[in-house]
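The values are calculated or read from the model by the stated rules, or taken from the named source; none is laboratory data. As the structure is a prediction and not an experimental result, all values here were calculated from the model. All Cβ positions, even for glycine, are placed from backbone atoms using ideal geometry, and neighbour counts span all protein chains on display.
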Amino acid sequence: MDALTNFVLDPNHREFLSLVKGARNGVVYGAKVRFPHALVMSFLFRDASLKEHVKFIYKATKQHAKNLGSFVFIYKTLMLLQKKANADKEANLHPFIAGVIGGYIVFGENNNINNQVGIRSGKGARRLRKWLGECLNAAIAVFLYIYFLLHVGLLHLSHFFFFFFDLFSPVYTLSLQMVLYLFSRIMVGLAKMPVKHKLIEAPPQTFSVFAAVVWGIVMWQFWHEREVLQPSLQGSMQYLYIDSNRWDSLKNFIWHNK
């Protein structure tokens, strides 16, 4: 045990071990978040036997934990590799690049869990090989969609939020969450409208590229503009990406976060 403790506390191993603790924190956090959600959703909205309920809850919790742990490990690995390639210095775009690549690999498939948290593992390498050939079509679709929004004035919806909700006041926290939930669904629906009405064709891999960009942006914001993010999101990301760099014993390396 002493040898293991010395290994964990050795400064020469710290960069590599921070990846391990990052994966550990991702698995723990993913399980903590998904288990109660799956429990409530299963028993409230699914007509199934007890065995099927347990199977559903276990599968959802396992997938969420595995995928979040995978993303944190990939993200922190890419950040470390970029730092080493840049004279041991982090550049402004490193979080965005690591977030984009990690988000594409892990979050890229359009399914129920990814629509909620943007996380998935497996088959990432094969999708990544196809990415370069499909990015142009996706970029064109995104450009046309933004052009459409600008010309019908929908981007002015931001004024609606600031007019009706004080984003810096806790009084409207619940209302804000509900409105943002609906807003995300509305935007997905608006993105589908030009395809439905045959204004554009649905390009392949659109969701994968969208997920990658979203994760690239949020990781950049967390590193450089953290205060603009919601406090709950800041706390989650602090646990996953910052706390995983800190430990002073074997106990708070693997068994506890602090």
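Each row is one residue, and each column tells you yes or no for (1) among the basic types (Lys, Arg); (2) within 26 Å of ASN6 (Cβ to Cβ); (3) out of contact with any Ser or Thr (no Cβ under 7 Å at 6 or more places or on another chain).
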position: LYS192; (1), (2), (3): yes, no, yes
position: VAL195; (1), (2), (3): no, no, yes
position: ILE200; (1), (2), (3): no, no, yes
position: VAL209; (1), (2), (3): no, no, yes
position: GLN221; (1), (2), (3): no, no, yes
position: GLU225; (1), (2), (3): no, no, yes
position: GLY235; (1), (2), (3): no, no, yes
position: ASP243; (1), (2), (3): no, yes, yes
position: LEU250; (1), (2), (3): no, yes, no
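Selection of segment 44-77 for residues being under 18 Å from LYS21 (Cα atoms) and in contact (Cβ under 8 Å) with a residue 40 or more places away in the chain yields HIS64, LYS66, ASN67, LEU68, GLY69, SER70, PHE71, VAL72, PHE73, TYR75, LYS76, THR77. Among the numbered conditions (1) part of a helix (DSSP H, G or I); (2) free of Cβ contacts under 8 Å to residues at least 12 places away in the same chain, the only one that LYS198 does not meet is (1). Checking every residue in segment 93-107 against the condition of being surrounded by fewer than 17 Cβ atoms within 10 Å (Cβ to Cβ) and not in a helix (DSSP H, G or I) gives at least one match. Within segment 20-55, if we keep just the residues that are buried (at least 17 other Cβ atoms within 10 Å of the Cβ) and among the basic types (Lys, Arg), the residue that is nearest to LYS84 (Cα to Cα) turns out to be LYS21.
With respect to the conditions (1) surrounded by fewer than 17 Cβ atoms within 10 Å (Cβ to Cβ); (2) more than 25 Å from GLY235 (Cβ to Cβ); (3) at pLDDT below 95, ALA85 lacks only one, and its number is (3).
Could you check, for segment 206-229, whether at least one of its residues is at pLDDT below 80 and not basic (Lys, Arg)?
First pass over segment 206-229, keeping only residues at pLDDT below 80: 206.
Subsequent filtering for residues that are not basic (Lys, Arg) retains 206.
For segment 206-229, residues at pLDDT below 80 and not basic (Lys, Arg): present.
Kindly establish whether ARG14 is part of a helix (DSSP H, G or I), of a type outside the set (Asp, Glu) and either touching a helix residue (DSSP H, G or I) at 6+ places or on another chain (Cβ under 7 Å) or farther than 18 Å from LEU240 by Cβ (or both). Spelling it out, it is not the case that ARG14 is part of a helix (DSSP H, G or I), of a type outside the set (Asp, Glu) and either touching a helix residue (DSSP H, G or I) at 6+ places or on another chain (Cβ under 7 Å) or farther than 18 Å from LEU240 by Cβ (or both). Based on this model, can you work out whether TYR58 counts as buried (at least 19 other Cβ atoms within 10 Å of the Cβ) and in a helix (DSSP H, G or I)? No: the conditions fail for TYR58. Among the conditions (1) crowded, with 17+ Cβ neighbours inside 10 Å; (2) at pLDDT 95 or above; (3) not hydroxyl-bearing (Ser, Thr, Tyr), the only one that TRP131 does not satisfy is (2). The residue that is surrounded by the fewest Cβ atoms within 10 Å (Cβ to Cβ), among those in segment 1-19 that are free of Cβ contacts under 8 Å to residues at least 24 places away in the same chain and among the hydrophobic types (A, V, I, L, M, F, W, C), is ALA3.
Please go through segment 17-42 and pick out each residue that is more than 14 Å from PHE73 (Cα to Cα) and either in contact with a helix residue (DSSP H, G or I) (Cβ under 6 Å, 6 or more places away or on another chain) or basic (Lys, Arg) (or both).
Step one: list which residues in segment 17-42 are more than 14 Å from PHE73 (Cα to Cα), which gives 31-42.
Of everything in segment 17-42, those that are more than 14 Å from PHE73 (Cα to Cα) and either in contact with a helix residue (DSSP H, G or I) (Cβ under 6 Å, 6 or more places away or on another chain) or basic (Lys, Arg) (or both) turn out to be ALA31, LYS32, ARG34, PHE35, ALA38, LEU39, SER42.
Here is the figure for segment 202-258: residues that are free of Cβ contacts under 8 Å to residues at least 24 places away in the same chain and under 23 Å from TYR104 (Cα atoms) total 9.
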